[in-house]
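Reviewing the structure listed below.
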């Protein structure tokens, strides 16, 4: 997609190395000459993680939760709306096949967040096992939403400057919906943001202006 090229260009202009994943999505892998600065931002300020290479698969419908419950290792039905958890897909012999993050985004909607490079395989598994359940499978990356994380002690403060409210998972930026889940990395605060592609470039540019 064109938005991939636009966002990757922002990174390349700053000397970043990009690794390409499925669908042509680039994943920034290193800013080799700015490593100390990047670590310092994460520990004392706010770092931006471009994770548009993570496929986002929406499962929506009255059977979405029970279907997903039977597909992964975690108890997704205990998640409140707005909560997120790590999970796994395993083989029938218990071998780990895929790591996932499960986001309960609405009453009858769960979003499966895949690791880079694993989205197509995860989507195929879910589609193969979905037979009669009352639910819709949808790939959000296909022109709808992409993932951008903010990590560090100032993550919430930076997001609030863009319109985020800490007590809400749904908010708007430039008139478009953003979904945000709090999911810390150990003791490091982290906000997982799913942003509509039409405003993604401006979303990133504004974050870079205020950090």
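Since every read-out is calculated from the coordinates, none of them should be taken as a lab result. As the structure is a computational prediction, the values presented were derived from the model and not from experiment. Please note: Cβ atoms are built from the backbone with ideal geometry, for glycine as well, and neighbour counts cover all protein chains shown.
Worth pointing out:
- Over the chain, relative contact order from alpha-carbon pairs under 8 Å, at least 6 apart, %: 22
- In terms of surrounding Cβ atoms within a 10 Å radius of their Cβ, 68, 51 rank from fewest to most as 51, 68.
- Cα point-scatterer Debye curve for segment 95-211, base-10 log of I(q)/I(0) at q = 0.21 Å⁻¹: -1.28
- Using the average count of surrounding beta-carbon atoms within 10 Å as a protection proxy, the listed peptides 97-105, 126-134 rank, highest first, as 97-105, 126-134.
- Theoretical ellipticity at 222 nm over the chain - DSSP helices of four or more residues, -39500 (n - 2.57) apiece, nearest 500: -8500 deg cm²/dmol
- Across segment 56-139, the mean sequence separation of Cα contacts (distance under 8 Å, 6 or more residues apart), normalised by length, yields a relative contact order of 41 percent.
- The angle separating the long axis of helix 35-44 from the principal Cα axis of greatest extent in the chain is about 70 degrees.
- Shape call, segment 1-42: gyration tensor on alpha carbons, a/c limit 1.5: prolate
- Euclidean distance of C-alpha centroids, segment 5-53 and segment 128-143, integer Å: 30
- With distances taken between every two different alpha-carbon atoms, segment 56-139 has a Kirkwood hydrodynamic radius of 12.6 Å.
- Rounded to 10°, Cα long-axis angle of helix 2-12 versus longest principal axis of the chain: 40
- When the alpha carbon gyration tensor of the chain is reduced to an equivalent ellipsoid, the three semi-axes, largest first, read 29, 19, 17 Å.
- Cα long-axis angle, helix 197-210 against the chain (0 to 90 degrees, to the nearest 10): 40
- For 46, 16, 114, 90, order by how many other beta-carbon atoms lie within 10 Å, fewest first: 90, 16, 46, 114
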